[in-house]
Structure formats: structure tokens, C-alpha cells
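Enquirer: There's a structure below that I have some questions on.
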Amino acid sequence: MDQLFDVSLFNSALRMVTPILLAALGGAICSRAGLFNVGLEGLVLFGAFFAIVGNFLTGSVWLAVLFAVVCVMLFSLIFGYLSIHLKANAIIVGISLNFLALGLTSFCLRAIFHVKGAYYDKDMKGLPQLDIPLIKDIPWGGGVISGHSPLVYLAIILVFVFQYFLFRTVRGFRLLAVGENPVAAKSLGIKVTRIQYGAVLISGLLCGLAGAQLSLGQVTMFTENMTSGRGFIALVATMLGQSNPLGVAASSMLFGFMDAVSIRLQGFSMPTNFTNMLPYVVTLVMMFFFKNKSYVQEARKANESSR
Amino acid sequence: MLLNMENISKSYGPVKANSDINFTLGKGEIHALVGENGAGKTTLMRILYGMEKPTSGSILVNGKPQSFSTPADAIKSGIGMVHQHFMLFPSFTVAENIVIGQEPGKWNGFDRKAAVAAVEELSRQYGMPVDPNQKVESCSLGVQQRVEILKVLYQGADIIILDEPTGVLTPLEVKELLVAIKRLASQGKSFILISHKLQEIMEVADRITVLRDGRVTGVVDAKHTDIEQISRLMVGRDLAQMQRSTPKLGAPVLEVKGLTMPGDRGKPLVDGATFKVHAGEIVGVAGISGNGQSELIGAIAGLQAASSGQVTLTGQDVTGAPVRKIRELGLAHIPEDRYQWGAAKDATVVENGVMGHARRQQRFGLMRGRSIRKMVEGWVKRFEVKTGSLDTKVQFLSGGNLQKLIAARELAQGTPFLIAAEPTRGVDVGAMEMIHGELLKRRDEQGAILLVSSELTEILKLSDRILVMNEGRIVGELPSDEATEEQISLLMAGGKRQ
């Protein structure tokens, strides 16, 4: 057991958490504005791919991250236009986006890099690892906390930023209002569509960052379907955390940790297929225990008269 | 005049919702706007509130011409609206619901403490008590109404539009609201009151404008008019005085014995209800809403389970039977909440019309489209349901028109037993007369009807026998020719029968 739960496990857990957490925060912002963004998986996959493309084109890691963010925001705009403007079913749009991402990234991988399956260039630089002075010298925690890419720290900071934004600012309050009752918000002269577009763009930004962390954070490479369901896990984390930034952070931590454990277990001569299942099994089990009570309320609300 | 609306016209394609309407409002005046469903009241108010643009005409506030393209513009000019369907955020607190749109705070921060203080001050100033920290979803409808009015006052409105404000309130809450409106008017606020309840209007309004088919048919001083005159202006003809013949009682159709339904905290919602409804009679159930009437209906119709007791319909025990079986045995049901039980909002007029008739209107499992359309079209004509077409989604129908459609559908079932729960909620006087007439006709044809209504006048007008419910129990049974409004009110409030 000591071999399993050591510093490097927690260190990699924190790294694994980051893409899930960023995407889940994006999902949370969307769902707070009344849009259920099922397209997180696809958006993160786009982010991972365009981060590599950006890196390949510009040679700069930071421009690569920016490139990924901008591209993913454009794709999230498609989601926004269809579901807000054309009032298409957000779930169907999200699912289509996921399949589009899977196909388009695989296709472009061949078209741009002329490879199949994965692209890897050993000269390509990934995100730098920050060694935080002082903290890195703390015996155990230092090893866990220090030595990550800046995006990891950004994700943690963003949790608190969003918590503050949603529950302490006027803009956040209005976003909550739009999600709760768009008709009423509109009757007060609140610009409902503008706020919803804002939320979708923010989720695009976050998914772009999530993708960049995935493809540039630890390894510097892109493989087909490299998200392998992390976007869906993020979706579950959004729901489990009741779209509450702190709650979302806690549930993302759990899933990221299980992700790390599953990889670690491969080193213990466990079959890869089995360990790969682990995060998803935990997801299912968690749904048993944390029945989302707000859904019960939603159902009740939907049943009430609209008087 | 504080407000002048001059020559307002509004067309939706070929349909003229408003034509050449003039409407004025003075400071401190309560001006009622009445008319049948679809007469154009709501359109006119939506124009005033910036939700619709008039095709022609002008709006002057304090003598200055204004053009509103969004509600925010109207709010800035001191116009506020309390919508028929409350525009509240259920999971937010009372204070949050009131200050939204003009939240106190610095640098985009939301100062909730200041919001609570502002709401407390406001509620003291206008004598409308609320608890600022309570969640709106846990407030009664009366308090929610108060929150809506405070919200409008917080926005600085001098002109307050109230659209059907009393439709969902209990009689006591209605009284409180009318008192509050009068007090606010004496403090200089002006009200535009849209309502079907002419008695309430006579009680509170200074002036009354009547609309019919998008035109003004009369502007009268409340002091110099009566309900008959207004009804005539609304409907365009005299209303027939309804005569109830003496009932010819047949065999009992519905028998309820000791029906009990459990509630939270050990207090039953329905407590040992026992009664019969015979063929050829209307039994009215009176009571302040929330005293077990809804649950009683639910148990009879098979929508909710009873913990003990027995329900017999046309001689067969239907306790706990599936709804389909009960309906086949002879139940039709005009449900109390038209949106929850009565209709599917996203379905069309035809689709809603065929509900419950589908099994008869089919051949080899396929719907008989033409004959269904004919059937629904007949109802739309007869009940004067104002709808764009048979394929309009019912969510775009006004509440009263949807109610007419549901009533027509259930009456057409032709069953021996009918539950009519709030059959005329939100319906104008003309349609009310029509639905009442149909109910009485059904009774004369030896139908058995259980009428549940929170409108005492309706109960007294239609019922042969009146049951009064209080806290889940049937606390009184009176023959209607002996019953008085005072007597029933007392029983409803939990007083003893003299």
C-alpha cells in the first residue's frame, strides 16, 4: 500500500485532475446559465489537438495555448449559436459536437501531420513545470503541490474566482437568474442571450485550457481520442458538484485521483483494461451515493403549474 | 394625466389585436381593464410594458411621448408590471428577487446585506410585510404576489400593471391585496388592473375600461355602474339569467367512504371523507385552496393513492384502480391545474383535444386524423376558443381559452360522472356562462357532477348540495337553497356550524 499511495501518486493525481476540473468548471458555468453542455468531451479534444497544432505552427508553448483557446471558443460558439439562437436541443448539439471533434481531429492529424493514431515530436516543448520556492521544500506536501504546469495552478485559482463570481457579484447573480428562470430574467430587461453566450464562451475557454494541459502538460503529444471520456467525467463532476465551483472541484479531485490510481495500478501488473475501467466504475458508484437532490426538485418544479 | 395611450393599434398579420385604443391613467387612480379572453387587454399592456411594438399610436408618460422597445425602457419611465404568471426565481431569497436588475453594491459586487436592508425599508414604507431572507419557493402565493409588487416598487414604478393578480390567491389573500392596492393608490401610485373578477373590480377600481374584440366598448366610472352593465359591454349582449330546475335524483354514481390520505407530519391531507354523488345532481366542494380538495380529487380520479377508504364508481370498487380503468368506467375530469394535468403545453390544439378520446378515434391503431380535426374544430367553434389554428401549440393560447378547450374535451366524453375542478379559472364572463350552462345541462341529462371551486359564487350558483372542506375533513354539508355565503365562509375558515 505504501508503494501505491506515495508522493508521486498524489502529484500525478493533481495533474490528472486539472483537465477534468477545468472542463467541469466550464460545464458548471453553462449549466448555471441554463444550458446543459454535453459537448465538453469534444471541446477538450479540440483543445488538445489545436494546442499541438499551435505548438507545431508557432513553436511557442504560450502561443499554442492561446491558439487552442481561441479555436475551442470558436467551436463553442457553434454550440451557442445552435442551442441559444436556433433553440436546438442542447444535448443533441453537444453529442454531435463530440463526434465531430473525434472525426475532425483524427482527420486533421493525417492531413496536417501525415500520421495515423498519434503525433509526437521530441523537439516539441511542453508546458514548463513550476517549482514553487519554499513550498517545494515542505517534506511531503511540497512534492505533491510543487512542480506542475501553470495551468494546474490556474485551475485551482479559477475555482475560487468562479465561486466568488457566481455568489458575490452582480454579474454572477444575473447569470444564476438567467439559468433559473430565463423568462423572468428577460421580463426584467436582463440580456439573457448575451449572458448565455458569455457562459458558452467561458466554457470554451476553459475546455481549451483543459485540452492544452492534456496534450502539453505531461507528455507533449496528441493521440486520437486522447480525452478518452474525460469530458464525460467532467460532465459527471459538474452534476455531482451541483454546478457549485467548490463542489465541482471536490468531485473532480475524486475522479482525477481515481484516474491516477488506475494508471499506477498498471505498474502492479494489473491488466490495463481493468484499471482503465476504474474511474468509470467509481463514477457509477458515486451516482448511487450522491443522488443529485436538485434533480428531484427540478422534476417537481417541472410538474408544477407555470401559473 | 400621468399616462396617455393614444390610438393604439396592433396587428398580428391579418388579426387585429388592438384597434384605435385610447387609454388614460391619472395619478393615484386605479383603472381596471376588463374584457373577454383575447379581447386585447394583455396585448395592450405588453405594448405599454415594452414587450411589443404597436403598429401605430403613441404613448405619453407625463405628457412626454415615449417609445419603449424593451421592458427595461418601460421600467426607466416608471412603469412596472406584475405578470399573471409570476416572474420569480424560486430558489432565490425574497430580497434577491426584489432587487434583481438594480442590485446594490460597489464595483460589480453584490451587497446582499444592503439588499435585505433596502427590502425591509421598502416593506415598512408600503406596509407589505415580507421576510427578506426567506426563499421564494417556500412562500405562499399571496406572499409571492407581494414580492412581485415590492419588486415593481423597488424599481421605482409609479404606474403598476397588475395582470389577473387575484387568480391564484385565497379569499383572505385577495382581501389583503385589495387593501394594499388602495393604500398604495392613496400614497400616489397608479394602478392598471386587469381582471375577470368583476366584484373585485367594483370594490377597488375608480374607472373601468371595457374592451371587446380589440376595441374600447366603454369607459365607465365605477361609482356609476354595476356588474350587469360591464358584463353587457364585455359580451355585447345581455347575459341569460340561469335557472336551475329542481334536481331529479337518480341512483348514486359515486360513493366515497372513509377516504383518508396521509400527509407530512402525521396530519392527514384528507381525513375520512364520506359522501355520495347521485345521477342528476351537482355536488359542490367549497374550501380555501389547500384544504384537501386537490388530494380528494386526485384519489377519486386515481391520480393519487389513498391510505384507507373506498371509492365506488357506478357500482364498482375503483379504489387504487388505474386511471384508464376509472375513466372507462365513466369518469371525465376537468382538472384543477390546467398545465399540470389538463394539457401538454408543447402539443397542438388538436393533439390536446384528442387526449382521452384517442381510443375511440382510431382504426387499426392509426389515428383518424380527419374525424379528430372535425371533432376538435366543433368544440373550438362552440366554445369560442380563440386560437390561431388547430395546429397552434396550446402554450400560445391564453389561459382562459385553454380552459375552454379542456372543458369542451371533458364534457364531450359524455360520461356518467364528471369532476369539474375550478372549471372556470381565468375564464371570462361569456365563457363562464357557457361552461356553467353546459354543466347544468349535463346534470339535467342525469349526469353526476362533483364541482370543486374556490369561487363561492360559482359553488352557490351551480350546486344542489354543498360540502365544505377544512383541513382535510368535510366539516359541513348544506343543501344549496339553504346555504348562504356567510355560512360557508365560516365553515371554510374552520368555524362551527351554527
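For (1) within 24 Å of the chain's Cα centre (by Cα); (2) in a helix (DSSP H, G or I); (3) assigned by TED's automatic domain parsing to the domain that holds B:Leu329, each residue gets a yes or a no:
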| residue | (1), (2), (3) |
| --- | --- |
| B:Gln446 | no, no, yes |
| B:Ser454 | yes, no, yes |
| B:Ile459 | yes, yes, yes |
| B:Val468 | yes, no, yes |
| B:Gln487 | no, yes, yes |
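Enquirer: Same structure, new question: I need a count of the residues in segment B:322-381 that are under 25 Å from the mean Cα position of the chain (by Cα) and on the phi > 0 side of the Ramachandran plot.
Expert: Residues that pass the stated criteria total 1.
Enquirer: Among the residues of segment B:82-92, is there at least one that is under 27 Å from the mean Cα position of the chain (by Cα) and free of Cβ contacts under 8 Å to residues at least 40 places away in the same chain?
Expert: Checking segment B:82-92: at least one residue is under 27 Å from the mean Cα position of the chain (by Cα) and free of Cβ contacts under 8 Å to residues at least 40 places away in the same chain.
Enquirer: Which residue out of B:Met87, B:Met81 is facing another protein chain (nearest Cβ under 8 Å), in contact with a Pro (Cβ under 8 Å, 6 or more places away or on another chain) and closer than 27 Å to B:Glu52 by Cβ?
Expert: Selected residue: B:Met81, the only one of B:Met87, B:Met81 that is facing another protein chain (nearest Cβ under 8 Å), in contact with a Pro (Cβ under 8 Å, 6 or more places away or on another chain) and closer than 27 Å to B:Glu52 by Cβ.
Enquirer: Say we look at segment A:127-159 and pick out the residues that are in contact (Cβ under 8 Å) with a residue 40 or more places away in the chain and not in a helix (DSSP H, G or I); which of these is surrounded by the most Cβ atoms within 10 Å (Cβ to Cβ)?
Expert: Per the criteria, the residue is A:His148.
Enquirer: Can you tell me which residues in segment B:264-294 are within 13 Å of B:Ile474 (Cα to Cα), in contact (Cβ under 8 Å) with a residue 40 or more places away in the chain and of a type in the set (D, E, K, R)?
Expert: B:Asp271 - this is the single residue of segment B:264-294 that is within 13 Å of B:Ile474 (Cα to Cα), in contact (Cβ under 8 Å) with a residue 40 or more places away in the chain and of a type in the set (D, E, K, R).
Enquirer: Quick check on this structure: which one of A:Gln196, A:Gln163 is closer than 23 Å to A:Pro245 by Cβ, within 14 Å of another protein chain (Cβ to nearest Cβ) and part of a helix (DSSP H, G or I)?
Expert: Step by step, each of A:Gln196, A:Gln163 is checked, and only A:Gln163 is closer than 23 Å to A:Pro245 by Cβ, within 14 Å of another protein chain (Cβ to nearest Cβ) and part of a helix (DSSP H, G or I).
Enquirer: Run B:Glu137 past the list (1) part of a helix (DSSP H, G or I); (2) facing chain A (nearest Cβ under 9 Å); (3) at pLDDT 90 or above and report the number of the one that doesn't hold.
Expert: (3)
Enquirer: Could you give every pair whose Cβ atoms fall below 6 Å, whose first residue belongs to segment A:80-103 and is farther than 24 Å from A:Phe49 by Cβ, and whose second residue is surrounded by 15 or more Cβ atoms within 10 Å (Cβ to Cβ), counting only separations of at least 6 or pairs across chains?
Expert: Once the first residue is farther than 24 Å from A:Phe49 by Cβ and sits in segment A:80-103, its partners that are surrounded by 15 or more Cβ atoms within 10 Å (Cβ to Cβ) give A:Ile84/A:Gln196; A:Ala88/A:Leu82.
Enquirer: While we're on this one: When you go through (1) under 18 Å from the mean Cα position of the chain (by Cα); (2) at pLDDT below 90; (3) hydroxyl-bearing (Ser, Thr, Tyr) one by one for A:Tyr120, which number turns out not to apply?
Expert: (1) is the only condition that A:Tyr120 fails.
Enquirer: Next question, about the same structure. Condition first: in a helix (DSSP H, G or I) and surrounded by fewer than 17 Cβ atoms within 10 Å (Cβ to Cβ). Can you find one or more residues in segment B:205-220 that meet it?
Expert: No, the conditions are met nowhere in segment B:205-220.
Enquirer: Does segment A:23-60 hold any residues that are part of a helix (DSSP H, G or I) and either over 21 Å from A:Glu224 (Cβ atoms) or of a type in the set (D, E, K, R) (or both), and which are they?
Expert: A:Ala24, A:Leu25, A:Gly26, A:Gly27, A:Ala28, A:Ile29, A:Cys30, A:Ser31, A:Arg32, A:Glu41, A:Thr58, listed by residue number.
Enquirer: Still on this structure, I have one more. Are any residues in segment A:172-191 in contact (Cβ under 8 Å) with a residue 12 or more places away in the chain, within 7 Å of chain B (Cβ to nearest Cβ) and in a helix (DSSP H, G or I), and if so, which ones?
Expert: Answer for segment A:172-191, where residues must be in contact (Cβ under 8 Å) with a residue 12 or more places away in the chain, within 7 Å of chain B (Cβ to nearest Cβ) and in a helix (DSSP H, G or I): A:Ala177, A:Glu180.
The values are calculated or read from the model by the stated rules, or taken from the named source; none is laboratory data. In this text, all values refer to a predicted model and were calculated from it rather than measured experimentally. With ideal geometry, Cβ positions are generated from the backbone for all residues, glycine too; neighbour counts draw on all protein chains shown.
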